[in-house]
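Novice: Mind having a look at this structure? Questions to follow.
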Amino acid sequence: MPKKEKLDEETLALINWCIEVEGFLVAGGATVKQAQDHIEEEVEYFTDLFYDGLAPEEAAKEALA
């Protein structure tokens, strides 16, 4: 069995932030799969929004605009 890789705090924060964005995308009308697919397809865009300091709700609003 492969050894699990430990993620650094910054990476964990980004993942948790994306999970919150996903929730807002779903609340805005996307299915969970659509929200996950969109985040995966636009990972660089969402990463930029994370580092720009946008709240998950703000990032979801931008993505839905």
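The values are calculated or read from the model by the stated rules, or taken from the named source; none is laboratory data. Note that this is a predicted model, so its numbers are computed, not measured. So basically every Cβ, Gly included, is an ideal-geometry build from the backbone, and we count neighbours across all protein chains shown. Only protein heavy atoms, including side chains, enter the accessible area calculation; ligands, DNA and RNA are left aside. Shrake-Rupley method; radii C 1.70, N 1.55, O 1.52, S 1.80 Å.
Novice: When you check Tyr45 against the structure, is it surrounded by fewer than 13 Cβ atoms within 10 Å (Cβ to Cβ), free of Cβ contacts under 8 Å to residues at least 60 places away in the same chain and of a type in the set (Phe, Trp, Tyr), yes or no?
Specialist: On the way: surrounded by fewer than 13 Cβ atoms within 10 Å (Cβ to Cβ): no; free of Cβ contacts under 8 Å to residues at least 60 places away in the same chain: yes; of a type in the set (Phe, Trp, Tyr): yes.
In short, no.
Novice: Kindly indicate whether Phe50 is under 21 Å from Glu10 (Cβ atoms) and under 11 Å from the mean Cα position of the chain (by Cα). Talk me through it step by step, then tell me what you get.
Specialist: On the way: under 21 Å from Glu10 (Cβ atoms): yes; under 11 Å from the mean Cα position of the chain (by Cα): yes.
So Phe50 fits the description; yes.
Novice: Moving to a separate point now. Provide a single number: the residues in the range 28-65 that are among the small types (Gly, Ala, Ser) and assigned to a helix (DSSP H, G or I). Talk me through it step by step, then tell me what you get.
Specialist: So in the range 28-65, the residues among the small types (Gly, Ala, Ser) come out as 28-30, 35, 53, 55, 59-60, 63, 65.
This time we only want the ones that are assigned to a helix (DSSP H, G or I), so: 35, 59-60, 63.
Looking only at that region, the number is 4.
Novice: Could you look through the range 18-42, keep only residues that are buried (at least 18 other Cβ atoms within 10 Å of the Cβ) and not aliphatic (A, V, I, L, M), and pick out the one that is farthest from Leu64 (Cα to Cα)? First the steps, then the outcome.
Specialist: Step one: list which residues in the range 18-42 are buried (at least 18 other Cβ atoms within 10 Å of the Cβ), which gives 18, 21-22, 24-25, 30, 35, 38-39.
Those left that are additionally not aliphatic (A, V, I, L, M): 18, 22, 24, 38.
On the way: Cys18: 15, Glu22: 11, Phe24: 10, His38: 11 Å.
Checking each candidate, the answer is Cys18.
Novice: Give all pairs with beta carbons closer than 7 Å in which a residue from the range 51-65 that is open to solvent by 40 Å² or more (accessible area, probe 1.4 Å) meets a residue that is not in a helix (DSSP H, G or I); count only pairs at least 6 apart in sequence or on separate chains.
Specialist: Every condition considered, the pairs that remain are Leu64/Gly28.
Novice: A further question on this structure: State whether one or more residues within the range 8-27 are out of contact with any Gly (no Cβ under 7 Å at 6 or more places or on another chain), part of a loop (DSSP other than H, G, I, E, B), free of Cβ contacts under 8 Å to residues at least 60 places away in the same chain and among the hydroxyl-bearing types (Ser, Thr, Tyr). Full working, then the answer.
Specialist: Applying the first criterion (out of contact with any Gly (no Cβ under 7 Å at 6 or more places or on another chain)) to the range 8-27 yields 8-27.
If we keep only those that are part of a loop (DSSP other than H, G, I, E, B) too, we end up with 8.
Those still in the list that are free of Cβ contacts under 8 Å to residues at least 60 places away in the same chain too: 8.
With the extra rule that they be among the hydroxyl-bearing types (Ser, Thr, Tyr), the set shrinks to none.
Taking every residue of the range 8-27 in turn, none turns out to be out of contact with any Gly (no Cβ under 7 Å at 6 or more places or on another chain), part of a loop (DSSP other than H, G, I, E, B), free of Cβ contacts under 8 Å to residues at least 60 places away in the same chain and among the hydroxyl-bearing types (Ser, Thr, Tyr).
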